[in-house]
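As structure tokens, the structure follows; a few thoughts come after it.
The values are calculated or read from the model by the stated rules, or taken from the named source; none is laboratory data. Not measured: the values here are computed from a predicted model. With ideal geometry, Cβ positions are generated from the backbone for all residues, glycine too; neighbour counts draw on all protein chains shown.
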Amino acid sequence: MALIICSSAIHAAGCYTTTPICKGARVAEYTGPRLSKSEADACYENAPITYLFGLGRGEMVIDGHCMAMFINHSCDPNCETSEVRGRIWIKAIKNIPAGEEITYDYCLYDGGDDEAVCNCGAKKCRGTMYSKEEVRRRKAVQKKAAQPPLKKAAKKRGKRETGKSVKTAKA
Ligand SMILES: [Zn+2]
């Protein structure tokens, strides 16, 4: 199995396989320095792009420094991630032909103001890289912020702070 990084139709650079991969095979490991959630928040507070992968229940993250960090999100992916004894593996969930881009579902959470718009192009694209649970949570937060209507205009500048306290509370 050989992986290469090429430009991708989904986003910037992507990870492609030059050889066929069988369903169930480990494609790559997500490696890099391990940081606590608060260390990562402090490091990347204003960073537009991060390559953090949450471990366990999200109290630790891997700060991606590897081939796997280039793997793009898809809502109809050919891989999934699995955590085995504190290590993150990208595993094929279907047979992947040579030349195909490797993808997995990011299931993002804890994104602050970022919309995390998805451009994967899949028929069942959900339009965002957030997990279904996170989409539900964010909708609930938005709904709360939207009522009563008077507060909406007045609190507009405070929205970011509201989002932040929510995410801290979750951890
Ligand atoms: Zn999508």
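Scanning segment 99-122 for residues that are modelled with pLDDT under 95 and charged (D, E, K, R) yields a total of 4. For segment 113-133, filtering for residues that are surrounded by 13 or more Cβ atoms within 10 Å (Cβ to Cβ) and either among the aliphatic types (A, V, I, L, M) or in a loop (DSSP other than H, G, I, E, B) (or both) leaves 11. Scanning segment 31-42 turns up one or more residues that are over 29 Å from K124 (Cα atoms), among the β-branched types (V, I, T) and not in a strand (DSSP E or B). Among the residues of segment 101-139, the ones that are under 16 Å from C75 (Cβ atoms) and more than 17 Å from the chain's Cα centre (by Cα) come to 2 in all. Of the conditions (1) among the charged types (D, E, K, R); (2) exposed (fewer than 13 other Cβ atoms within 10 Å of the Cβ); (3) in a strand (DSSP E or B), R57 clears all except one; give me its number. Looking at each condition in turn, R57 falls short on (3).
Take the conditions surrounded by fewer than 14 Cβ atoms within 10 Å (Cβ to Cβ) and either within 22 Å of G121 (Cα to Cα) or among the basic types (K, R) (or both) and apply them to I49. Does it pass? Break it down stepwise before answering.
On the way: surrounded by fewer than 14 Cβ atoms within 10 Å (Cβ to Cβ): yes; either within 22 Å of G121 (Cα to Cα) or among the basic types (K, R) (or both): yes.
When the stated conditions are applied, I49 passes them.
Give the residue, chosen from I49, I10, I5, that is free of Cβ contacts under 8 Å to residues at least 60 places away in the same chain and either of a type in the set (V, I, T) or not in a loop (DSSP other than H, G, I, E, B) (or both). Within the list I49, I10, I5, the selection yields I49.
Within the group Y16, Y30, which residue is modelled with pLDDT of 95 or more and in contact with a helix residue (DSSP H, G or I) (Cβ under 8 Å, 6 or more places away or on another chain)? Only one candidate qualifies: Y30. Of all residues in segment 13-46, those being of a type in the set (G, A, S), surrounded by fewer than 18 Cβ atoms within 10 Å (Cβ to Cβ) and without any contact (Cβ under 8 Å) to a residue 24 or more places away in the chain number 2. Among the residues making up segment 112-127, those that are within 15 Å of the ligand (Cβ to nearest atom) and touching a residue at least 40 places away in the same chain (Cβ under 8 Å) are C118, N119, C120, G121, A122, K123, K124, C125, R126.
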